[in-house]
Amino acid sequence: MHPIFFAVGSFFIGTYGVLLAIALVAGITLAIWRARKVGLSGDHIMDIAFWGVIAGFVGGRITYILLDLVNGPRQFLVEPWSMIFAREGFVFLGGLLAAVAVCAHIVRRRKLNPWLVSDIVMTSLVLGHAIGRVGCFMAGCCYGKVADPKGLLGFLAVQFPAATRMGGVVYPGLAYEEHLKYGLITAAATRSLPVWPTQLFESAGNLAIFVVLMLLWRKRRFNGQILVAYVILYAVLRFCIEFLRGDVERGFLGPFSTSQWICLAGFVFALAILPYLRRTQNLDRQTVLERQQRTHVKKQHAKREP
């Protein structure tokens, strides 16, 4: 846990914010490069990214506040402005849904193919998400359940400190505070109990999805194929990781967390839309063959080079 990247007195720059900035730059750069490959202007991607990021932040914060109101502790009713302008407190899936809605509106106004744009953006999104989850680990949020260090894969468990101090800033350990709140540790403890590093698990899973999507792009047969693959793969990844999450105040509806219900809905949506995309967004076969031929020629040329 290293939540404070730089601090001078009471002013500090969070490590999460730094990694989030890196994620945005990496994702937007990749999206612009890919868009130009298929004949789209990078300006379109910049506009979509700009408004998508804003919508993502707002949607993620609103979802976080709604979960606080529905599931408690209803801190928003006591300190509304502190929650609205806090540096932490976002729900990724809530932000994703808001970003998708805003970006869809922009794409429609620009008369772009929404399924092609989604294919371009999804690979960038999963790359940025992988980097961003490392920021979650550094901040100590989105932590996992208590793990047995002596059990299966117990060597992967981590302990978060009670707080991190740098300059005049004291950043609390969220896992430590929750374990203290529920009586799992005493005030004499300096660290939380060992927990699963679910942030790193999800980061690794997102990197694996990123590799799959990069490979799939070369054999894409219809617009929207990358989108469907991402939704299915990430829904499975997130649904499973949620069982290891330990931050109990993130919200539950019945047997599953809010995020798991969203994952189930996304999974069903992806499977339902797949036949439609295959029928209506199928790429011209000649274009596919030409692209494969260009790839083959490039490989043969690379082999001849000394």
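Just so it is clear, none of the values below were taken in a lab; they were calculated from the coordinates. These figures come from a predicted structure and were not determined experimentally. Here the Cβ is made from the backbone with ideal geometry for all residues, glycine too, and neighbour counts use every protein chain on show.
Structure summary
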read-out: Max mean-square fluctuation residue, GNM over the chain, Cα-Cα springs under 10 Å, options G52, G154, G254; value: G254
read-out: Approximate spin-label separation A101-V248, in nm, with each point projected 7 Å along Cα-to-Cβ; value: 3.1 nm
read-out: Whole-number percent relative contact order across the chain, with pairs defined as alpha carbons under 8 Å at least 6 apart; value: 20 percent
read-out: 5 angstrom amide H check on F5, placed H, neighbours 5+ away; value: I13, G14, T15
read-out: Nitroxide proxy distance, nm - points 7 Å out along Cα→Cβ at V268 and M214; value: 3.5 nm
read-out: L184-L66 pseudo-label distance in nm [points 7 Å out on the Cα-to-Cβ vector]; value: 2.8 nm
read-out: Two-site FRET efficiency, R279 against I84, from Cβ-Cβ distance with R₀ of 41 Å, rounded to 0.05; value: 0.35
read-out: Highest to lowest packing among 127-134, 29-36, scored as the average C-beta count within 10 Å; value: 127-134, 29-36
read-out: 19 Å cut-off, amide nitrogen to a point 7 angstrom out along R165 Cα→Cβ, residues in the stretch 179-193; value: 187-192
read-out: Cα-based Lys proximity count in the chain, under 24 Å, for pairs eight or more positions apart or on separate chains; value: 9
